[in-house]
Amino acid sequence: MIEIHLKELMDIYNLNISQLSGKTGISRKALTSLVNFNTTNKKTVSIQYNTIEELCKFFNIGVSDLLSVKYSQDNFEILPVDENMGKTKDLSLFFIVYKKEINNEEIFSYFALTTRLTEKNKSETKTVETSENFWGNKLEEPSEINREIKLPASYDFLFEILDYNKLNLVNQYKDMQPDFVTPLINREIVTLMKSFSKNFLAELTARLFDFILDEEENEARISVNWNFGYYSWMHSNDFHLEYEKKGNTIISLDDDNLEDPFESIVTNSSSMNSAKYPNSSLLEN
């Protein structure tokens, strides 16, 4: 399902339709139909190439930032392939199969995903001084009574989509897929991942916990970073997810689809290329 993000872009720059029309030369009628597209049951609208070009030039964005496709979880199937693999025997391999329909024909593609538990801390009880009141304000005369708090277990995972050029590392598993399933190339993978809302990605990620999460902890905090190369490196906040585990319930802490303004901003660096696919390097013999 197509989504048009013109309304969000106009809100960022505090522009109305008349102002944007005056600056770009695009008619108010054309802009109005695009702004209202997402809220009018996707009523058919025609959009000219030069309209897309002018809007992309004006906002300094790519076409995928203006137009995107909204996917359903029903279009994706998670197939566990192997665990305890790689040099350090701490990788699990999955095929994420994507189904699309074109001209009433179903087409299946997949990308390979490795998951690795990069850090685990067991739950512990910690004694702290009672120096704060209920609201977290420091007391002028701290109580001499200490109190114990229980820190939940924590898990940090790295989810890495296998670079198309590195699929030869898992060639031995390709026979597990039917002949009509083809791998997605890097450009297709990046476009697909960019189109995911954070809420959708959080839900898709949680589905993988059934296969990789240790069930021994009743309460835990879970952190996941998705990595698929340059784009995820430059937009790391969009692909960093936090969860809370309470018994058999997994609660997403990112389902409001809001970025945390206090998270660090990751930019390109000279070490980017060497750090881009750490899981992939562990697959090599």
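Which of the trypsin sites (Lys or Arg not before Pro) found in the stretch 1-101 are loop residues per DSSP with 11 or fewer other Cβ atoms within 10 Å of their Cβ? Provide the component values of the computation, followed by the final result.
Working: sites: 7, 23, 28, 29, 42, 43, 57, 70, 87, 89, 99, 100; in loops: 42, 43, 70, 87, 89.
Sites meeting the loop and neighbour criteria: 43, 87, 89.
Rolled with a 1.4 Å probe across the full set of protein chains, the surface gives residue 250 an accessible area near 60 Å². The loop-placed GluC sites (Glu not before Pro) in the stretch 164-233, going by DSSP, that have at most 12 neighbouring Cβ atoms within 10 Å of their Cβ come out as 215, 216. Counting only protein chain heavy atoms and rolling a 1.4 Å probe, the accessible areas of 231, 98, 49, 164 rank, largest first, as 49, 164, 231, 98. Within the assembled protein chains, the solvent-accessible surface assigned to residue 212 is about 30 Å², based on a 1.4 Å probe. One decimal place: the segment residue 72-residue 171 gains 32.8 nm when fully extended, by the rule 0.36 nm per residue minus the C-alpha distance. Within the full protein context, the accessible area of residue 211 is estimated at about 90 Å² for a probe radius of 1.4 Å. With every protein chain in place and a 1.4 angstrom probe, the accessible-area ranking of 114, 24, largest first, reads 24, 114. A Förster radius of 41 Å, combined with the Cβ-Cβ distance separating residue 63 from residue 214, puts the computed FRET efficiency at roughly 0.45.
The values are calculated or read from the model by the stated rules, or taken from the named source; none is laboratory data. Being a predicted model, the structure only gives us computed values, none of them experimental. No Cβ is skipped: glycine too gets one built from the backbone with ideal geometry, and neighbour counts run over all protein chains shown. The protein model used for the area step is the full one, side chains on, heavy atoms only, and it has no ligands, DNA or RNA in it. Shrake-Rupley method; radii C 1.70, N 1.55, O 1.52, S 1.80 Å.
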